[in-house]
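Scroll down for the structure; my scribbles are underneath it.
The values are calculated or read from the model by the stated rules, or taken from the named source; none is laboratory data. Treat the numbers as computed from the prediction; the structure is a model and nothing was measured. In this analysis, Cβ positions are derived from the backbone assuming ideal geometry, glycine residues included, and neighbour counts consider all displayed protein chains.
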Amino acid sequence: MANSPSSKKRARQIERRTEVNKSRRSRMRGFIRKVEEAIASGDYDAATAALRAAQPVIMRSVSKGIVHKNTASRKISRLSGRVKALAA
């Protein structure tokens, strides 16, 4: 456990940061889930709209340090590929 005042402060800061990161990660996953549900229902227009809404949220999580840039790009790429397959 933290003993020095500075390590106690760091522990408090980490707790707060973890809560914020959890909420942002959850928000991102929710947007991804909406895209996947639209894909599962077979609704191309809803899937396209959901993907458009999800892309900035996913990339924002990159800038906030929640996920790595390549991970976010891979998620967006795979989702857009699945949405594009609905059109065909």
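Things worth noting here:
- For the range 65-88, the set of residues classified as over 17 Å from residue 26 (Cα atoms), part of a helix (DSSP H, G or I) and not basic (Lys, Arg) consists of 70, 73, 77, 79, 80, 81, 83, 85, 86, 87, listed by residue number.
- Residue within the range 5-21 that is modelled with pLDDT of 95 or more, loosely packed, with under 13 Cβ neighbours inside 10 Å, acidic (Asp, Glu) and over 18 Å from the mean Cα position of the chain (by Cα) present: yes
- Restricted to the range 39-88, and to residues there that are without any contact (Cβ under 8 Å) to a residue 12 or more places away in the chain and aliphatic (A, V, I, L, M), the residue that is surrounded by the fewest Cβ atoms within 10 Å (Cβ to Cβ) is 88.
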